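Colleague: Structure provided below as structure tokens; questions to follow.
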Amino acid sequence: MDKLRISGGRPLEGEIAVSGAKNAALPIMCAALLTDKPLALSNVPRLMDIATMAKLLGQMGVEIERPSQSHFSLNAKTIKDPTAPYELVKTMRASVLVLGPLLARCGRAKVSLPGGCAIGQRPVDQHVKGLQAMGAAISIEHGYMHAAAERLRGARILMDMVTVTGTENLMMAAALAEGTTLLENAAREPEVVDLASCLIAMGAKIEGAGSDVIRIEGVRSLGGATHAVMPDRIEAGTYLAATAAAGGRVRLTHAAPDTLDASIDKLREAGALVRKGAGFVDIEMAGRPRPVSVRTAPYPGFPTDMQAQFMALATIAGGTALITETIFENRFMHALELQRLGADISISGNTAIVRGVERLQGATVMATDLRASAGLVIAGLVAEGQTLIERIYHLDRGYEALEKKLGALGARIERIK
Ligand code: EPU
């Protein structure tokens with residue numbers, strides 16, 4: 001299995017381009033299931049999770065062409081088998097995003113329950129509850145959700161908590177339902193907005209995406225469209241946090257700066273100079289970061305997907321920072337690995353107390369999930385000596401060409417086969 005070897009201690013300098021957003025591309029690929037016409041996507045990132053989604057859709061009979069690395073054309077002319085098998089769902093929970101579109105288009109779907117994962121329980125009860133409110137009959141047998149509905153009906157759905165993929169699943173289902181659906185307490189994440197704009201281009205009638213009430217007026221059928229996937233705000237935030245930790249001066253191009261406010265505010269608090277412009281973000285950092293505390297929250301709050309990276313930054317800050325995780329109950333696995341690099345972290349409930357140390361020391365560490373791995377990479381960039389990160393397949397799920405991009409910024413980082 002591949003590993004990453006990082007020799008820390010160099011500042012980052014230069015310019016790199018941000019890739020398309022994984023968490024926008026995944027639901028948007030599923031939107032192709034809603035129409036028998038082609039959906040042409042650009043700015044699709046080259047990632048393991050995207051390949052997994054393509055495989056899942058391909059198994060259902062979706063024709064997929066890839067005219068270039070970042071372009072996908074998906075055509076669900078016929079759906080021969082509306083099933084998402086356990087083998088794929090267990091490797092990628094986002095597979096559950098096929099449930100709403102399949103049910104709306106085919107009147108039935110069989111989707112494996114995702115089960116738990118490294119960062120927490122992650123149930124899908126809100127997806128199920130919403131579809132049931134729209135008239136679906138859903139039973140759970142042998143680890144699979146079996147869903148059926150003649151035609152879904154619009155409904156008023158109040159979600160118990162803010163769920164990103166739950167909102168996306170229900171928005172896609174409602175696009176083809178009969179009548180109007182109101183999604184209340186909807187997720188406001190930019191990825192939800194990007195999906196909505198793709199659906200609107202396909203002919204859906206959606207208002208309010210980006211607010212906590214989304215109104216969808218169902219239509220009989222949707223057509224084809226072309227859509228450019230939004231830039232990845234978590235990838236961008238990760239490189240910004242890396243620069244704040246390692247020091248230096250970096251420009252990110254092809255970015256969506258307005259989606260980065262929560263992270264940029266915290267980076268400024270840490271002492272970084274950050275400047276936003278049309279499609280770019282500049283960051284400059286000199287000296288030791290100041291300690292910054294963060295508390296994760298749904299958008300526009302501080303993203304849980306940036307928590308590990310900010311914990312890594314806090315490990316070398318000149319003081320103590322509190323990192324509080326409110327979205328997932330078990331998303332501190334990186335803390336133990338950061339301790340192996342010399343970090344001083346104690347955990348109390350859902351808060352990590354991080355006392356900044358002068359320096360980290362390279363060691364062998366293990367990646368446990370995607371964003372935890374990103375935190376370890378940042379720590380490796382600032383640690384003295386060599387850090388070896390094992391199990392980097394987690395990184396390949398969500399960061400396009402990470403070692404190439406960091407290498408282009410002057411980091412000494414290599415993949416060991
Ligand atoms: N939840 C429920 N019931 C549900 C749905 C969610 O209890 O039916 C709970 C979850 O257990 C969690 C909270 O609600 O405690 C929020 O989870 P959410 O549903 O929003 O997460 P998700 O949609 O499964 C997406 C991203 C995650 C990101 C979260 C939170 C995608 C494909 N994934 O997951 O991204 O952490 O939103 O912002 O969009 C990542 O990219 O590394 C990643 C994990």
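The values are calculated or read from the model by the stated rules, or taken from the named source; none is laboratory data. This is a predicted model, so every value here is computed, not measured. Using ideal geometry, Cβ is built from the backbone for each residue, glycine included, and neighbour counts are taken over all protein chains shown. The protein model used for the area step is the full one, side chains on, heavy atoms only, and it has no ligands, DNA or RNA in it. Shrake-Rupley method; radii C 1.70, N 1.55, O 1.52, S 1.80 Å.
Colleague: Filter the stretch 106-127 down to the residues that are over 27 Å from ASN330 (Cβ atoms) and of a type outside the set (D, E, K, R), then identify the one that is nearest to the ligand (Cβ to nearest atom).
Modeller: Across the stretch 106-127, the extreme among qualifying residues is ALA109.
Colleague: Identify, please: which residue in the stretch 214-234 is more than 23 Å from the chain's Cα centre (by Cα) and part of a strand (DSSP E or B) and is, among those, surrounded by the fewest Cβ atoms within 10 Å (Cβ to Cβ)?
Modeller: Going through the qualifying residues, I end up with GLU217.
Colleague: Could you tell me which of the residues GLU329, GLU403, GLU414 is assigned to a strand (DSSP E or B), touching a residue at least 60 places away in the same chain (Cβ under 8 Å) and open to solvent by 30 Å² or more (accessible area, probe 1.4 Å)?
Modeller: Just a single option satisfies the conditions, and that option is GLU414.
Colleague: Also: If only one of GLY349, GLY319, GLY356 is more than 23 Å from the chain's Cα centre (by Cα) and either surrounded by 20 or more Cβ atoms within 10 Å (Cβ to Cβ) or touching a residue at least 40 places away in the same chain (Cβ under 8 Å) (or both), which one is it?
Modeller: GLY356
Colleague: In the set LYS90, LYS3, LYS80, LYS22, which member is under 20 Å from the mean Cα position of the chain (by Cα) and surrounded by fewer than 18 Cβ atoms within 10 Å (Cβ to Cβ)?
Modeller: LYS90
Colleague: Can I ask one more? Any residue in the stretch 128-146 that is assigned to a strand (DSSP E or B), under 20 Å from ARG215 (Cβ atoms) and within 13 Å of the ligand (Cβ to nearest atom)?
Modeller: no
Colleague: Next up: Can you give me the number of residues within the stretch 256-291 that are open to solvent by 10 Å² or more (accessible area, probe 1.4 Å) and within 19 Å of the chain's Cα centre (by Cα)?
Modeller: Result for the stretch 256-291: 6.
Colleague: Something else about it: When you check LEU97 against the structure, is it within 13 Å of the ligand (Cβ to nearest atom), of a type outside the set (Val, Ile, Thr) and within 18 Å of the chain's Cα centre (by Cα), yes or no?
Modeller: yes
Colleague: Scanning the stretch 155-176 for residues that are near the ligand (Cβ under 7 Å from one of its atoms) and part of a helix (DSSP H, G or I), which turns out surrounded by the fewest Cβ atoms within 10 Å (Cβ to Cβ)?
Modeller: Residues of the stretch 155-176 that are near the ligand (Cβ under 7 Å from one of its atoms), as a first pass: 161-166.
Going one step further and asking which of them are part of a helix (DSSP H, G or I), we end up with 164-166.
Numbers: VAL164: 20, THR165: 27, GLY166: 28.
The qualifying residue surrounded by the fewest Cβ atoms within 10 Å (Cβ to Cβ) is VAL164.
Colleague: Listed residues ILE347, ILE323; which is at pLDDT 95 or above, within 21 Å of GLY271 (Cα to Cα) and either within 16 Å of the ligand (Cβ to nearest atom) or in a strand (DSSP E or B) (or both)?
Modeller: ILE323
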